[in-house]
Amino acid sequence: MKKPIFHLIPNAHLDPVWLWDRYEGLAEGLNTAISVLDLMDEFPELTFSRGESFTYRYIERFAPDQFARLRKRVEEGRWEIVGGTCLQMDTNLTGTETFCCEYTKGLRYFKETFGFAPKVAWFADSFGHSGGLPEILEQCGMESFIFTRPQENLIHIAEPAFTWVGVSGAQVRGYRPKLGWYGSDRTAMGGRLDETLASLEHSAFRNIGVFMGLGDHGGGPVREQILDIRKWAA
């Protein structure tokens, strides 16, 4: 059987308002961006995925020097803009009008600021997904969407990649990793890679996404994780 290829997806999930106020949340978004940009200077193989136009707006306004660094990495293809919405909103009970506002405002910002609109919807931490989501995503120009919830113990999906067909016939490609969540603990990368490799024994898929990053409150990839991945690959 063909050797599998792991596609590592460093990212940072952030709820700007959760157990903290929005000012702390937005400041954490800036701190995470600076941390990732510094690591990119150190590790040429590092890439990063980030959504939420709300966070980009904050960095652009309050840290224009860091935003210039970010823009350069976007142009190089190492910093990938995903999602297209203002925030990572709830996709379970949200009304259609709210969905449309999220995408209208978010996509407008990305087009005006970076000259393009993302094509991959990003619902890393939403707990469920409305049955009408394929229609909304198709109309908003999303070609695919990535999510981690509901997890396998709640809803079984035979393979990580699939096509979701809505009631109207609208279609969107979906991807949910077979193992883990959108991030990873600081010392867990070796184990995550071992488990992912073992899970492919009975899978037809050879291209597999592996999410990494410290997770909530903005945490992205860290040096220890990158070094562990290098060791594991060797």
Residue within the stretch 142-151 that is at pLDDT 95 or above, open to solvent by less than 40 Å² (accessible area, probe 1.4 Å) and part of a loop (DSSP other than H, G, I, E, B) present: yes
Which numbered condition in (1) farther than 21 Å from ASN11 by Cα; (2) open to solvent by less than 20 Å² (accessible area, probe 1.4 Å) is the only one that SER126 fails? (1)
Looking at (1) surrounded by fewer than 17 Cβ atoms within 10 Å (Cβ to Cβ); (2) among the aromatic types (Phe, Trp, Tyr); (3) touching a residue at least 40 places away in the same chain (Cβ under 8 Å), which one does TYR182 not meet, given that it meets all the others? (1)
Mind checking which strands (runs of 3 or more DSSP E) fall wholly inside the stretch 1-106 and carry at least 1 residues that are open to solvent by 40 Å² or more (accessible area, probe 1.4 Å), in contact with a strand residue (DSSP E or B) (Cβ under 7 Å, 6 or more places away or on another chain) and of a type outside the set (Ser, Thr, Tyr)? 5-10, 79-81
Those residues that are among the charged types (D, E, K, R) and either surrounded by 17 or more Cβ atoms within 10 Å (Cβ to Cβ) or within 17 Å of the chain's Cα centre (by Cα) (or both), I need them from the stretch 185-223; list them, please. ASP185, ARG192, ASP216
In the list LEU154, LEU133, which residue meets the criterion of being crowded, with 20+ Cβ neighbours inside 10 Å and over 16 Å from the mean Cα position of the chain (by Cα)? LEU133
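Would you confirm whether or not the stretch 198-217 contains a residue that is assigned to a helix (DSSP H, G or I), free of Cβ contacts under 8 Å to residues at least 60 places away in the same chain, acidic (Asp, Glu) and over 13 Å from HIS7 (Cα atoms)? Spell out the reasoning first.
Let us first name the residues in the stretch 198-217 that are assigned to a helix (DSSP H, G or I), namely 198-202.
Next, only the ones that are free of Cβ contacts under 8 Å to residues at least 60 places away in the same chain stay: 198-199, 201-202.
So of that shortlist, the ones also acidic (Asp, Glu) come out as 201.
Among the residues that remain, those that are also over 13 Å from HIS7 (Cα atoms) are: 201.
Yes: the stretch 198-217 contains one or more residues that are assigned to a helix (DSSP H, G or I), free of Cβ contacts under 8 Å to residues at least 60 places away in the same chain, acidic (Asp, Glu) and over 13 Å from HIS7 (Cα atoms).
The values are calculated or read from the model by the stated rules, or taken from the named source; none is laboratory data. Just so it is clear, the structure is predicted and the values come from calculations on it, not from any experiment. Virtual Cβ from ideal backbone geometry, glycine too; neighbours counted across all protein chains shown. Note: accessible area is taken over every heavy atom of the protein model, side chains too, but ligands, DNA and RNA are not part of it. Shrake-Rupley method; radii C 1.70, N 1.55, O 1.52, S 1.80 Å.
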